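Asker: Shown below is the structure under consideration.
A short reminder: the numbers here are calculations on the coordinates, not readings from a lab. Small disclaimer: the values here were computed from a predicted structure and weren't measured. Virtual Cβ from ideal backbone geometry, glycine too; neighbours counted across all protein chains shown.
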Amino acid sequence: MRTRTALTASLVLVAAAGSLAPAVAATKSKPKPIKISYTASALPDPTSTNPATNEICAPTLPTAIHHYTFKAPAAGTLTLDLNNKLDWSGAVRDAGGSTLVDSDGSSPETPEQLFVSFKKAQTVSVDTCNFAGEQSINVTGTFSFK
């Protein structure tokens, strides 16, 4: 009789452990968002938009662009605010230099915002370009995991 009781108790414990595993796995939370904050400095260059290709944030003078490398650790969304008071533009480019998203506000005083989604981990360049603005701006942002 004791063998049957021990066997029944063992089966109940195994079943309980098996049903608990999916519940524990389901409660795993997403990592906290990654905060970004830095100062971008560049000298004004009114050729910030390439006249031949109409590409935004592609100045003639290399001193008019600031590059910031960001490593997206996984799938998610990157939101950036260029806290400019005068005329700046921005772009996020992949490792090959292709533009994923760009922004050039409707007026020189419009602060630029960039939003880009990633399906997987990758390294990108956040480019900020000074068309006719202040010499430096603060860039803030958040990467949120999917």
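Asker: Please list, in chain and number order, the residues 5+ apart from residue 122 or on another chain whose amide H is under 5 Å from its amide H, with Hs placed from the backbone.
Answerer: It is 72, 74, by chain and number.
Asker: What are the trypsin sites (Lys or Arg not before Pro) within the stretch 56-110 that DSSP puts in a loop, where the Cβ has at most 12 other Cβ atoms within 10 Å?
Answerer: 85
Asker: Within the stretch 93-135, list the residues whose amide N lies under 18 Å from a label point set 7 Å along Cα→Cβ of residue 54.
Answerer: Zone members listed by number: 99-107.
Asker: Right, here's the next one. Arrange the peptides 35-42, 95-102 so that the one whose residues have, on average, the most other Cβ atoms within 10 Å appears first.
Answerer: Result, highest mean first: 35-42, 95-102.
Asker: Here's something else I'd like to know. Give a quick list of GluC sites (Glu not before Pro) in the stretch 81-146 that DSSP marks as loop, anything other than H, G, I, E or B, with at most 12 other Cβ atoms within 10 Å. Intermediate results must be reported in sequence, preceding the final value.
Answerer: Numbers: sites: 109, 112, 134; in loops: 109, 134.
Filter output for the stretch 81-146: 109.
Asker: First measure r as the distance between the Cβ atoms of residue 107 and residue 27, then evaluate 1/(1 + (r/R0)^6) with R0 = 41 Å and state the FRET efficiency to the nearest 0.05.
Answerer: Taking R0 as 41 Å, the efficiency between residue 107 and residue 27 is 0.30.
Asker: While we're on this one: Quick check: net charge around residue 97, other residues with Cβ under 11 Å of its Cβ, Lys/Arg +1 and Asp/Glu -1?
Answerer: Result for the local shell: -2.
Asker: Under 23 Å Cα to Cα from residue 119, which lysines show up? Leave out anything in the same chain fewer than 8 places away.
Answerer: Counting by Cα, and skipping residues close in sequence, residue 119 has these lysines nearby: 28, 30, 32, 35, 71, 146.
Asker: Going highest first, how would you order 56-67, 116-127 by mean Cβ packing within 10 Å?
Answerer: Per-residue Cβ counts within 10 Å, averaged per peptide and sorted highest first, yield 56-67, 116-127.
Asker: Classify the stretch 48-118 as rounded, prolate or oblate from the Cα gyration tensor: take a ≥ b ≥ c as the square roots of its eigenvalues, call it rounded if a/c is under 1.5, otherwise prolate when a/b beats b/c and oblate if not. Intermediate results must be reported in sequence, preceding the final value.
Answerer: Working: a/c = 1.90, a/b = 1.32, b/c = 1.44.
Cα axes put the stretch 48-118 in the oblate bin.
Asker: For every other residue with a beta carbon closer than 13 angstrom to the beta carbon of residue 144, add +1 if it is Lys or Arg and -1 if Asp or Glu, then tell me the sum.
Answerer: +4
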